[in-house]
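The values are calculated or read from the model by the stated rules, or taken from the named source; none is laboratory data. Predicted, not measured: the structure shown is a model, and the values here were computed from it. Note that each Cβ is placed from the backbone with ideal geometry, even for glycine, and that neighbours are counted across all protein chains shown.
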Amino acid sequence: MKSAIFHGIRPGDVDGRRGLHNPERGFRFEILIGQIPSDIVTGSYLRDLWPFPRYTYDGVSMTQAYCYLLQFAESEISQEKIDALEADFARARKDGVKFLLRFAYEFGGIRGKGPTAERILAHIEQLTPIVQRNIDVIYALQIGWVGAWGEFHSSTHQIEKRPADYARIVAATLEMLPECRRTMMRYPDRRGKALAELGDDREVTPDTAWSQAPHARIGHFNDAFLSTYADAGTFGNPPFFTLRGDPTVERIGREGAFLPIDGELYWTGGANPDRAAGLKVIARLSLHHYTTFSLVHSNSELDQRQDKWTIDTWKEQPVTPAALEALDVAYDPGYFAGVDSRTAYEFIRDHLGYRIAVDLVEYQRTASPGEPYCIKAVLHNYGFSTPINERHPEFVLVGADGTAVELPTAFDCRALQPSAYGARRGEVLTHLVRFDAPLPADLTGGDLRLALWFPDASPSLRYRPEYAIRLASELPVKTVGGRLLNIVGQIAAR
């Protein structure tokens, strides 16, 4: 067997301080989609309606995508609106990005008559075909629908005060989604009441994770992240509120290992930046396994106001290995190689969701057509979370002429937990991906490059390199036939 050893990306490497462009994780933007002239809620509050081209350095591949339906609170959704939605899904696919999708009606002080629960259910039925048709570019669908911004508060018809009514909306949203996708709710308390109405208010555990049970499909989005002592009603159990020891805080910390978790700060001026100082933010993001987080709110580059605010301060706040160890937050030692510190902004950007590194690959020195062959790769995940949607890595053999042979594995990337369930988060797990089977009989001769490939599970995106995972290791990366390949070795074929 031949061994190849790798190290994580270091600050001094080429592009070593650049954010990795990886799918279904990281900082995300906020946009409005499906916009038509009759819309009551417009995107006038957004300074950039499609910021992706400006943020390639930070590797942003996601956006919160709101679709407001207020003008249809008493009617069916028009075909014009459906067509506009379809066009924006197509744009996402063309540009290689994904949506964190939320449907809503009411917007702050813009309420109109508001929809009834029955109208929302009818709209869910009407929208189901377009959601299912475009699920490849939908990372997750949040359970919005009710109240201001779809946050389950302040609705005209007070639906959020009637668990029996909103449980029907929760159930309909789950039915709307294919089995391959999950959803989120704003308030843990209302999530619990909805699940109780559905007869499934259990805690997610390793035994139930990734099942189709309702409790295992509903994550959390916190649109008041570290804004007040109780995150504006997100947590409400005295005397702890948002502190460790609060039952809800601790439960999300356990369940978040298996669910999509998203958050955003208040808009600039809405909360003191000291409340969300860099290390406090890192501690919470790690504890709750955040996969995505808004880059728009409290950021002078994208916020409604251009004042220097919370995210701006993260770019000035140092983070050291000692500080992370004190917080029980995992990191790759190479991340700090040659430097005393990184900024809080860098660390948050680079560790939201997953950050997968390959440390060791072992493989047979020669490969023969039709003969048994073995490859092993050792992976570590230094991110706050694991990949949330199903994805299977493959080994690929690439000939000098560009011919590629795909060698599938049974490994599911959702198993790439950073740490063991219930264990210290700073103790990083080791994962083994292997191929052990006969090679194809038509394998070509000559030298072959060996690569790891993490394609999207959707057939429509399988050969789109923008949707494949780039490892956080210093190694060559090549695109071959639409595959984003992490090159890990060289083999002689006989």
Legend entry - Number of positions in the range 66-81 that are buried (at least 17 other Cβ atoms within 10 Å of the Cβ), more than 11 Å from residue 123 (Cβ to Cβ) and not aromatic (Phe, Trp, Tyr): 2
Legend entry - Tally, over the range 129-145, of residues that are closer than 14 Å to residue 66 by Cβ and of a type in the set (Val, Ile, Thr): 2
Legend entry - Some residue of the range 38-60 being crowded, with 18+ Cβ neighbours inside 10 Å, touching a helix residue (DSSP H, G or I) at 6+ places or on another chain (Cβ under 8 Å), assigned to a strand (DSSP E or B) and not polar (S, T, N, Q): no
Inset, instruction - Mind listing just one residue for me: the one in the range 24-50 that is free of Cβ contacts under 8 Å to residues at least 60 places away in the same chain and among the hydroxyl-bearing types (Ser, Thr, Tyr) and, of those, nearest to residue 67 (Cα to Cα)? - result: 42
Legend entry - Residues of the range 319-346 satisfying the condition of being within 18 Å of residue 55 (Cα to Cα) and either assigned to a strand (DSSP E or B) or in contact with a Leu (Cβ under 8 Å, 6 or more places away or on another chain) (or both): 343, 344
Legend entry - Count of residues meeting criterion [of a type in the set (Gly, Ala, Ser) and within 15 Å of residue 265 (Cα to Cα)] in the range 299-343: 1
Legend entry - Single residue of 230, 224, 172 found to be modelled with pLDDT of 95 or more, crowded, with 16+ Cβ neighbours inside 10 Å and in a loop (DSSP other than H, G, I, E, B): 224
Inset, instruction - State yes or no: is residue 205 part of a loop (DSSP other than H, G, I, E, B), of a type in the set (Ser, Thr, Tyr), at negative phi and under 26 Å from the mean Cα position of the chain (by Cα)? - result: yes
Inset, instruction - Report whether or not residue 257 is assigned by TED's automatic domain parsing to the domain that holds residue 98 and buried (at least 23 other Cβ atoms within 10 Å of the Cβ). - result: yes
Inset, instruction - Determine which member of the set 385, 460, 473 is over 18 Å from the mean Cα position of the chain (by Cα), surrounded by 19 or more Cβ atoms within 10 Å (Cβ to Cβ) and among the hydroxyl-bearing types (Ser, Thr, Tyr). - result: 473
Legend entry - In the range 234-250, the residues that are in a loop (DSSP other than H, G, I, E, B) and out of contact with any strand residue (DSSP E or B) (no Cβ under 6 Å at 6 or more places or on another chain): 235, 236, 237, 238, 239, 240, 241, 242, 243, 244, 245, 246
Legend entry - Index of the failed condition, residue 358 passing every other in (1) surrounded by 21 or more Cβ atoms within 10 Å (Cβ to Cβ); (2) over 14 Å from residue 2 (Cα atoms); (3) in contact with a Lys or Arg (Cβ under 8 Å, 6 or more places away or on another chain): (3)
Inset, instruction - Please work out which one of (1) modelled with pLDDT of 95 or more; (2) surrounded by fewer than 21 Cβ atoms within 10 Å (Cβ to Cβ); (3) assigned to a loop (DSSP other than H, G, I, E, B) is the condition residue 115 fails and give its number. - result: (2)
